[in-house]
Structure formats: structure tokens, C-alpha cells
1. For region 261-278, enumerate the residues that are assigned to a strand (DSSP E or B) and either in contact with a Leu (Cβ under 9 Å, 6 or more places away or on another chain) or basic (Lys, Arg) (or both).
2. Determine whether Tyr314 is touching a Pro at 6+ places or on another chain (Cβ under 9 Å) and within 18 Å of Thr109 (Cα to Cα).
3. Can you pull out every residue in region 278-312 that is β-branched (Val, Ile, Thr) and buried (at least 21 other Cβ atoms within 10 Å of the Cβ)?
4. Given the options Lys155, Lys175, Lys180, name the one that is in the same structural domain as Gly256 (by TED's automatic domain parsing) and under 29 Å from the mean Cα position of the chain (by Cα).
5. Identify, from the list Tyr216, Tyr231, the residue that is in contact with a Ser or Thr (Cβ under 8 Å, 6 or more places away or on another chain), more than 23 Å from Tyr275 (Cα to Cα) and of a type in the set (Phe, Trp, Tyr).
6. Which residue, of Asp246, Asp253, is of a type outside the set (A, V, I, L, M), touching a residue at least 12 places away in the same chain (Cβ under 8 Å), closer than 30 Å to Ala214 by Cβ and surrounded by fewer than 17 Cβ atoms within 10 Å (Cβ to Cβ)?
7. Failed condition for Tyr133, given (1) at pLDDT 95 or above; (2) among the aromatic types (Phe, Trp, Tyr); (3) over 26 Å from Leu273 (Cα atoms), with all others met?
8. Kindly indicate whether Val258 is in a loop (DSSP other than H, G, I, E, B) and at pLDDT 95 or above.
Amino acid sequence: MRALSLILAVLMLFAFVACSDETVEQSDAASTAESKAESTPAEESTEASTDESTEASTEASTDESTEESTEASTDESTTVDESSEVVDESSEPEEETSEPEEEEYELPTYSDVEIGKADVAPVVDGNVDEDEYVTVIDFDMDETYWNYNSDEAAKGYKVSLNMAWDEEYLYVAVKLRVGKPRTYDNANFTSTPPYIFHRRHVMTAIVTGDPTSAKYLEPNGDPYWDWSAAYGSGLASEWTISAQPDGSNIKADHFGAVTGGAGFEYCVGVSGLDYEVYEQKIPWAALAGGSSFVAEEGAIFGYAFSSCCEEIDYEDDEAESIYACFGGGIAFGKSFSEYVPVTLVK
């Protein structure tokens, strides 16, 4: 019995040892499997990380390369555009350099104008008799001295310029076809509207010398003068004559005091609706610089007039005048150099 017990004990011991070994083997296997299981994801993670890193690096590199390439391409493209802009801009200084040449004032070139000497002085009565004036110049828009400052609409007004001279006076009569009666009547036309400029009128301007001379330019070489500078220059005379509806004559000096000088006469004939006549007898001595001007054959002076063909609605800010002008430098900026050079002949 004891022997049987001993045998059973031995068998149980072997069984226990066997089970322990199997448990160890299983534990080792499990540990190995677990180790493998743990190591495999790490390797896969490493590989994935490596792959992802490689791919990311490749993509980043590719993207950066692409971006750099794109940016480089864009930059190069921009550089090209900018360089072309620079080229364009580099040409601008040349244009700026040439702009003064482009902006140089091109003064009008007039046909020669000569006026004959009067054998008998015209009578200043607001009428122009046949052969009373030696020289008659009819309105012609093909001539620069008419079209330079005249409005195209002025062609319908049939303007003519009548002139003569002697040693003491310049005689001028401007005939203007109007076809409408006057309406503005205001004795205070120099201080309150409607001013003298709101009516039909003739403004006259004269320099007693060749207007192409440099002395008639502004000191900076500009032919266009600021009004106050033109006024104070003492180089030109400018004045306006007009009339009230009842025929009463009115006048206003702008540069100088020609109309108040001894010997000056004027008459604005407003009878009828056909022609108005603006007639004047102008003393050479009353003009700016006239005291040293010698009226003789070959002498040159500058002359211009602007005639307003329509009364202006002075209450309408957008109302525009219609001017028939001989020469320029009056109605559209003050420029003595735009007066017409006129030569005295016998």
C-alpha cells in the first residue's frame, strides 16, 4: 500500500514536472509570440514611418521642389514682366525728358497781314461806307488768323474786319451780322451782371511791336500770362466796346486806359437786325508803348479782337459764348504772342 502510494507520488511528481516544463514552454512561446507580436508592429510602424517619412519627404521634396520651381518660374516670369515693366518705366524718363518738347507751345503761324494807309480818315459813326477803309478782311475759317480761336458756330455770323492807318491813329471797324435784338440793359455793367461781356461786344488787344518778339513772353518763356501779371506787365492794351438795347454805347478798359485817352473815338451801330458795326479811332500814343511807336511804312504791331456773337445767359453756369476772333490771346487765356503781326503799308 505504501509502495503504491509511493509510486503514485512519483508519477504525480513527474506529471507536475512535465506540466511545469510545458507551462514554461508555453510561457516561453507566449512570451516569444508576444515579443514577436510587439516587435512586428514596431517594425511595421518603423517601416510605415520610414515609408511615410520617405513618401512625406519625397512629397515634401517634390512639393517644395514644385513650389520652388513654380515660385522660381513665377518669380522668373514676374522678373521678366517686371523687367519689361522696368523697360517700359525706363522709357518714361525719356518721355518725360521729351515732354517739355511736346508741351512746348506751338504758337500760330499767320499769313502776312498788311493794312493800307488812309488818304482820308474814316468817320467814326457806326457805319461803314464803301471804300471808306483801305483794307477789308472777310471772315474765312480757312485762314489761321480767323480760325485759331473762333468757334465753328461763328461761321454763321458773317464777320468782317476793316482797317486803315495814318501817323496818329489806327482806324478799325468790325462788322458783325447778328439777326437778333439786344436785351441786356444795365448801367452798372462793370460792377454787377449782366456785365459788358454778357452782351454782344468786341474786345480789342494791341501791342506796339512785333508780337513774335521774345519780350511778349512771360519771363519763364511761357506765352500764356496770369491775368494779374499780364495786367501789370505794361506790354499790352486791351478794352471792350458794346451797347445797351437803346443804342447807348458802353466801354471798359482792361489793360491800360486807351478809351479814356485824348483822341479816342468809338461808335457801336446797333440799328436793324442785320449788321452791328464796332468802329474805333485809336490813338497810337494812347497804347502801351505807343509813345515810342512810329507809325510808318514797314512798322509792325500786334493786333487781335474777339467778338461775342450772342448775348450770354449769365444766370446759366453752363452757357457758352460763341466767339468770332481775329488772332488769339484774348478769349482763351492771355497771350500777347498770339496776336496777329500786322504790317503798315502805303
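1. Step one: of region 261-278, the residues assigned to a strand (DSSP E or B) are 265-269, 275-278.
Hits for region 261-278 are Tyr275, Glu276, Val277, Tyr278.
2. Values: touching a Pro at 6+ places or on another chain (Cβ under 9 Å): yes; within 18 Å of Thr109 (Cα to Cα): no.
The answer is no for Tyr314.
3. To start, the set of residues in region 278-312 that are β-branched (Val, Ile, Thr) comprises 282, 294, 300, 312.
Ile282 - this is the single residue of region 278-312 that is β-branched (Val, Ile, Thr) and buried (at least 21 other Cβ atoms within 10 Å of the Cβ).
4. On the way: Lys175 fails: under 29 Å from the mean Cα position of the chain (by Cα); Lys180 fails: under 29 Å from the mean Cα position of the chain (by Cα).
The match here is Lys155.
5. Values: Tyr231 fails: in contact with a Ser or Thr (Cβ under 8 Å, 6 or more places away or on another chain).
It is Tyr216.
6. Numbers: Asp246 fails: closer than 30 Å to Ala214 by Cβ.
Going through Asp246, Asp253 in turn, just one is of a type outside the set (A, V, I, L, M), touching a residue at least 12 places away in the same chain (Cβ under 8 Å), closer than 30 Å to Ala214 by Cβ and surrounded by fewer than 17 Cβ atoms within 10 Å (Cβ to Cβ): Asp253.
7. (3)
8. Working: in a loop (DSSP other than H, G, I, E, B): yes; at pLDDT 95 or above: yes.
Here the answer is yes, as Val258 does meet what is asked.
The values are calculated or read from the model by the stated rules, or taken from the named source; none is laboratory data. As the structure is a computational prediction, the values presented were derived from the model and not from experiment. Glycine also receives a Cβ, built like all others from the backbone with ideal geometry; neighbour counts cover every protein chain displayed.
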